[in-house]
1. Select from segment A:3-16 the residues that are in contact with a strand residue (DSSP E or B) (Cβ under 8 Å, 6 or more places away or on another chain) and among the small types (G, A, S) and write down the one among them that is farthest from B:L4 (Cα to Cα).
2. Take segment B:66-93 and flag every residue that is of a type in the set (V, I, T) and farther than 15 Å from B:L22 by Cβ.
3. When both residues are 6+ apart or on different chains and their Cβ atoms are under 9 Å apart, which pairs have a first residue that lies in segment A:34-45 and is facing chain B (nearest Cβ under 7 Å) and farther than 23 Å from A:H94 by Cβ, and a second that is hydroxyl-bearing (S, T, Y) and assigned to a loop (DSSP other than H, G, I, E, B)?
4. Of all residues being at the interface with chain A (Cβ under 9 Å from one of its Cβ atoms) and either within 22 Å of B:G92 (Cα to Cα) or not aliphatic (A, V, I, L, M) (or both) in segment B:4-25, which is surrounded by the most Cβ atoms within 10 Å (Cβ to Cβ)? Just the residue, please.
5. Hey, among B:A56, B:A20, B:A10, which residue is touching a helix residue (DSSP H, G or I) at 6+ places or on another chain (Cβ under 9 Å) and at pLDDT 95 or above?
6. With the condition kept exactly as written, say whether any residue in segment A:7-26 is over 13 Å from the mean Cα position of the chain (by Cα) and among the charged types (D, E, K, R).
Protein chains: 2
Amino acid sequence: MYGLIGKMTAVAGQRDALTAILLDGIEAMPGCLSYVVARDPKDADAIWITEVWDSADSHRASLALPQVQAAIARARPLIAGFDSHVETEPVGGHGWAPAG
Amino acid sequence: MYGLIGKMTAVAGQRDALTAILLDGIEAMPGCLSYVVARDPKDADAIWITEVWDSADSHRASLALPQVQAAIARARPLIAGFDSHVETEPVGGHGWAPAG
């Protein structure tokens, strides 16, 4: 399995708009077992995204999906920066949906 | 909703044993929507845990559950340190189980 933990910073005042874009069209991503978009309560512009995929290949393929490409294009102007990006190997847990 | 993103370091050579403990008895934690234990592929002793709860209260209550207390006691000698601990406010996503 393949996991991602990332923190991004929205352009000031745009976190809600960016969050909405990040959550748009994420239901039909084959191999996506978990995808969480969260606010950082201590930083008004920060967003955390944590993901679990059945494989790195599934994640890479998702980046080519039309709805993801569209979301990336819409999101880009609202992103001020990427703060951290960690790749992980999920071992187990609770609450993952079966691959989409 | 309440989220946690944490990184801990296992005592050298104990990551697999610690991971097994962290995954033991996590199914029946009321309010736990997502719980992911993952290895860090770039650090042989590092473990990432990402969680989503329906509330901070549910998470706090889980720490008093017998199976969680037992797991904490078993895990403590295998933990070398806690590297990062971020509280988040999950907004949305995919693949979360309904509250347990």
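The values are calculated or read from the model by the stated rules, or taken from the named source; none is laboratory data. All of these numbers come straight from a predicted model, not from anything done at the bench. Here Cβ is always computed from backbone atoms with ideal geometry, including for glycine, and neighbour counts include all displayed protein chains.
1. Going through the qualifying residues, I end up with A:A12.
2. Of everything in segment B:66-93, those that are of a type in the set (V, I, T) and farther than 15 Å from B:L22 by Cβ turn out to be B:V86, B:T88, B:V91.
3. none
4. B:I5
5. B:A10
6. The answer is yes, given that some residue of segment A:7-26 is over 13 Å from the mean Cα position of the chain (by Cα) and among the charged types (D, E, K, R).
This table checks each residue for (1) within 22 Å of B:Y35 (Cβ to Cβ); (2) free of Cβ contacts under 8 Å to residues at least 40 places away in the same chain; (3) of a type in the set (D, E).
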position	(1), (2), (3)
A:C32	yes, no, no
A:I49	yes, no, no
A:W53	yes, no, no
A:G81	no, no, no
A:H94	yes, yes, no
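Conditions (1) over 17 Å from A:L4 (Cα atoms); (2) loosely packed, with under 14 Cβ neighbours inside 10 Å, marked per residue:
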site: A:C32; (1), (2): no, no
site: A:D45; (1), (2): yes, no
site: A:S55; (1), (2): no, yes
site: A:A71; (1), (2): yes, no
site: A:A80; (1), (2): yes, no
